[in-house]
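Enquirer: Quick one: the structure is below, and I'll ask about it shortly.
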Amino acid sequence: MSDKSKQAAARFDINLVQVADLACGILNRMFLKQPKDKAKIAFKDLKNGKSIKLGSLNLKRKKQDSDEIAEQMDVGVDLKLDRSEYRGPINFPAFQAAVQALLLRLTEHLREKKDLNLMTDERGSALIHVPGVIRVDDTYNVLVMAVQPEGRKAIAINLMFIDPDQYEPLRPKSAPSDPAASP
């Protein structure tokens, strides 16, 4: 077996559907069910670039062609927020609405066993492209969730606001540039 094959065999595979389901439960408790003052503190930490430790997952790798456990490892799980593409001033009510919109779509996909539209990269990150969309005044914002490795013994659940202009229906309607061309 080559070194590359041994490395691949020793990897722990994370079930992204289970992680998404777990993350939905945590986000629901943290930002929708918990008393507002505690939820606001968590939001403020995320908004200020801090990560929130959520606990750990116990991952197990079975021996090839066997149910016997070859190795197990605890992996820390952190929650992060990337708001670099958020449009407008972000506050707790807007963030809470975006989380709620994301959770509604994600739980529907999980319950009905719909495709989570996973987008992965070579580093092992996975974007769960089931967006939660909010509209504040005339501005749209889109929230998605990503699962990203943070070294060998940690992963991050990253809530990411992404550019809403990627979605045709959310693009701002522009006025016709030639008044003679309008009906």
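Enquirer: Test each condition in (1) out of contact with any helix residue (DSSP H, G or I) (no Cβ under 7 Å at 6 or more places or on another chain); (2) surrounded by fewer than 16 Cβ atoms within 10 Å (Cβ to Cβ); (3) in a helix (DSSP H, G or I) for GLU71 and report the one that comes out false.
Expert: Result: GLU71 passes all but (3).
Enquirer: Further, regarding this structure: Collect the residues in region 81-93 that are within 16 Å of ALA39 (Cβ to Cβ) and buried (at least 17 other Cβ atoms within 10 Å of the Cβ), keeping them in residue-number order.
Expert: Result: LEU81, ILE90.
The rows are residues; the columns are (1) exposed (fewer than 12 other Cβ atoms within 10 Å of the Cβ); (2) modelled with pLDDT under 90; (3) β-branched (Val, Ile, Thr); (4) out of contact with any Gly (no Cβ under 9 Å at 6 or more places or on another chain).
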residue: ARG123; (1), (2), (3), (4): yes, yes, no, yes
residue: HIS129; (1), (2), (3), (4): no, no, no, yes
residue: GLY132; (1), (2), (3), (4): no, no, no, yes
residue: ASP137; (1), (2), (3), (4): yes, yes, no, no
residue: GLN148; (1), (2), (3), (4): no, no, no, no
residue: MET160; (1), (2), (3), (4): no, no, no, yes
residue: LEU170; (1), (2), (3), (4): no, yes, no, yes
residue: LYS173; (1), (2), (3), (4): yes, yes, no, yes
residue: SER177; (1), (2), (3), (4): yes, yes, no, yes
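Enquirer: Turning to a different aspect of this structure: If SER125 meets every condition in (1) in contact with a Cys (Cβ under 9 Å, 6 or more places away or on another chain); (2) closer than 21 Å to ILE52 by Cα; (3) of a type in the set (Ser, Thr, Tyr) apart from one, which number is that one?
Expert: (1)
Enquirer: So, one more: Show the residue pairs that are 6+ apart or on different chains and have beta-carbon atoms under 8 Å apart, the first residue being within region 161-183 and under 30 Å from GLN100 (Cβ atoms), the second being surrounded by fewer than 10 Cβ atoms within 10 Å (Cβ to Cβ) and modelled with pLDDT of 85 or more.
Expert: From residues that are under 30 Å from GLN100 (Cβ atoms), the pairs are PHE161/SER84; PRO172/ASP138.
Conditions (1) closer than 17 Å to ALA156 by Cβ; (2) modelled with pLDDT of 95 or more, marked per residue:
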| position | (1), (2) |
| --- | --- |
| LYS6 | no, no |
| GLN18 | yes, no |
| ILE41 | no, yes |
| LEU46 | yes, yes |
| ILE69 | no, no |
| PRO89 | no, no |
| LYS113 | no, no |
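Enquirer: Whether any residue in region 42-49 is surrounded by 11 or more Cβ atoms within 10 Å (Cβ to Cβ), aliphatic (A, V, I, L, M) and assigned to a helix (DSSP H, G or I) is what I want to check. Before you say what the answer is, go through the steps one by one.
Expert: First, the residues of region 42-49 that are surrounded by 11 or more Cβ atoms within 10 Å (Cβ to Cβ): 42-47.
Checking which are aliphatic (A, V, I, L, M) leaves us with 42, 46.
Imposing the further condition that a residue be assigned to a helix (DSSP H, G or I) reduces the set to 42, 46.
Yes, that holds for at least one residue.
Enquirer: Residues that are out of contact with any Lys or Arg (no Cβ under 6 Å at 6 or more places or on another chain), free of Cβ contacts under 8 Å to residues at least 60 places away in the same chain and assigned to a helix (DSSP H, G or I): does region 88-96 have at least one?
Expert: For region 88-96, residues out of contact with any Lys or Arg (no Cβ under 6 Å at 6 or more places or on another chain), free of Cβ contacts under 8 Å to residues at least 60 places away in the same chain and assigned to a helix (DSSP H, G or I): present.
Enquirer: Out of the residues in region 106-131 meeting the condition of being under 15 Å from the mean Cα position of the chain (by Cα) and in a helix (DSSP H, G or I), tell me which one is farthest from ASP163 (Cα to Cα).
Expert: LEU110
The values are calculated or read from the model by the stated rules, or taken from the named source; none is laboratory data. Remember, predicted model here, so these are calculated numbers, not experimental data. Using ideal geometry, Cβ is built from the backbone for each residue, glycine included, and neighbour counts are taken over all protein chains shown.
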